[in-house]
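Report on the following structure.
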Amino acid sequence: MINTARLACPIESGEAPGPRALPLLGHFREFNCDRTGFLARLARDHGDVVQFRLGWNRFFLLAHPDYIRDVLITHQTNFHKGRALTRAKRLMGEGLVTSEEAFHLRQRRLMQPAFHRQRIALYAKTMAERAARLADAWQDGSTVEMRQEMTRLTLGIVCKVLFSTEAEGDAAEVGHAFNDLMALTAFMLAPFSEYLEKLPLPQSIRFRRAKARLDRVVYRIIRERRQSTPRAIDARQEDMREQESDLLSTLLAAEDHEGGTGGMADEQVHDELMTLVVAGHETLSNALPFTWYLLSQHPAVEAKLHEEIDAVLGDRLPTLEDLVRLPYTEMVLAESMRLYPPVWFLGRRALQPYEVGGFTIPKGSYVVLSQWVTHHDRRFYPDPERFDPQRWTPEARASRPKLAFFPFGAGVRGCIGESFGWTEGRLVLAVLAQRWRIRLAPGHPVAIDAVSTLRPKHGIRMTVHRR
Ligand code: HEM
């Protein structure tokens, strides 16, 4: 059947379709009022390749999983992350998230060992212990703001696995300095904040101070570690250190044997650490509160989750090995990240003209791939708004195109922390659900705020009841 909407209002004939645009603003107003809704309507009304404008910039939303695969994997060399990185660089510098091309590949190679399975097994212990510490701190019947709780927990975990083994205080100090900075997130994400930041406004002064404090702490830790860690360590020593070393020592010991470019300078280690602190907690600190909210609204799913956790774990803390025996816990997390993908869109800039779905995307324009749009597409998820972990049985998964679900991106720019994220998410769910039944506080409104990540707009206030 011909999609008549697709023919109804092309911006210019022969080009990808899209809604009519205002002369100067383009679609800025509609986009800004309701970002996720705007993108979802574009795909619903115009098809799998849709163009829109924000100011002078042209964007092309690609909604089909095959097109997403081509941009992220098959033809990834045709794309850069582009200007979307400018804001992120203020916090993360030239780290793995923000670098491009050969430098990015070198950094990725250097950091990969820190994410090997044996390493994740070491981090898993910290994850479960930290979650248990939080579970012990809650009072029966009390009300907590779940996003704050999950942020404190996930930030604590990432700081501990980055900095922990040699000085517990370092992890705490970075966590505190980072918390000060996070209080200014709204300011950092505001439009034009990169310019406002340079003016003598109270918030920009606080931002610069908090950032300087954090930088001082991180550089001090790097210097102290360098003094106590030999720069290159041989394989036998590496084995010996395996059990005790944290992620920072792995970064300091990394040598680029393949590329022959040596180890990382202090500035580079600093930028990678900042990147890991941000990327390593900002996503889960949103995914987990949405998961608690969904469970609170679906008691039958919650009961099944409790049943699995009780049968496999009883009262003991879960380990990495337990996770294969907790498939339903994984299905719950997957379904939650389908409905509320922590990263809700990816932007790429076309380096050369690009053909897709019979249309040409001109060089220099932006491609948008949206987890929000594709994860809510009824072609792949019938009754898409319904929370249903059964969509994640092996058979159901196999019946869909792989990139109908891409919360972690894919390809060379895919999330390096994907197994870290799955491990932490499942362990935290298991430990907290083992002890607590969590309910939405009466009357608390739950809405999304689609900024650089998908956050709960008003936080999520919940009451905790001992099981
Ligand atoms: C639920 C948890 C997580 C989600 C949903 C998530 C999502 C993503 C996504 C979508 C990307 C790709 C961005 C793009 O293509 O533009 C990404 C990249 C990245 N993530 Fe994650 N992430 C999670 C957890 C983590 C954790 C725990 C870490 C580190 C400890 C981490 C570190 C990174 C880094 C360093 C990159 C950049 C990779 C590269 O460009 O080579 N992420 N993440």
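Write down Rg/Rh for the range 346-467, rounded to two decimals, with Rg from the C-alpha atoms and Rh from the Kirkwood relation over Cα pairs.
1.03
Could you give the length gained on full extension between Ala172 and Thr393, defined as 0.36 nm per residue of separation minus the Cα-Cα distance, in nm? Spell out each step's value before the answer.
Details: separation 221, 0.36 × 221 = 79.56 nm, distance 3.96 nm.
Extra length from Ala172 to Thr393 when fully extended: 75.6 nm.
Order the following by accessible area, largest value first: Lys81, Lys198. Probe radius 1.4 Å; ligands, DNA and RNA are ignored.
Of Lys81, Lys198, the descending order of accessible area is Lys198, Lys81.
Where Lys and Arg each count +1 and Asp and Glu each count -1, what net charge lies around Leu454 among other residues with Cβ under 14 Å from its Cβ?
+2
Per-residue accessible area for Glu173 at 1.4 Å probe radius, Å² rounded to 10?
Approximately 70 Å² for this residue.
Could you please state, rounded to a whole Å, how far the C-alpha centre of the range 21-64 is from the C-alpha centre of the range 374-428?
24 Å
Once you have the Kirkwood Rh of the range 110-166 from its Cα pairs, apply Stokes-Einstein at 20 °C and 1.002 mPa s and quote D in µm²/s.
168 µm²/s
When averaged across all projection directions, what area in nm² does the alpha-carbon convex hull of the chain cover?
Seen from a random direction, the Cα hull of the chain projects 23.7 nm² on average.
For a protection proxy built on the mean count of beta-carbon atoms within 10 angstrom, sort 437-445, 289-297, 405-413, 272-280 highest first, please.
Packing proxy ranking, top to bottom: 272-280, 289-297, 405-413, 437-445.
Considering only protein heavy atoms, what is the solvent-accessible area of Val50 at a probe of 1.4 Å, reported in Å² to the nearest 10?
0 Å²
Accessible surface of Glu30 in the full protein assembly, 1.4 angstrom probe, to the nearest 10 Å²?
The accessible area of Glu30 comes to roughly 80 Å².
How large is the accessible surface per residue of the chain, computed with a 1.4 Å probe and reported in Å² as a whole number? Display every interim value, and only then the final one.
Working: 21160 Å² over 467 residues.
For the chain, the solvent-accessible area averages 45 Å² per residue.
At a 1.4 Å probe, what is the % contribution of carbon and sulfur to the accessible area of the chain?
Working: 11640 of 21160 Å².
Of the solvent-accessible surface of the chain, carbon and sulfur hold 55 percent.
The values are calculated or read from the model by the stated rules, or taken from the named source; none is laboratory data. Because the structure is a prediction, the values reported are computed rather than measured. A quick note on method: Cβ atoms are made from the backbone with ideal geometry, for glycine too, and the neighbour counts reach across all protein chains shown. Areas reflect the complete protein model, heavy atoms only, side chains present, ligands, DNA and RNA absent. Shrake-Rupley method; radii C 1.70, N 1.55, O 1.52, S 1.80 Å.
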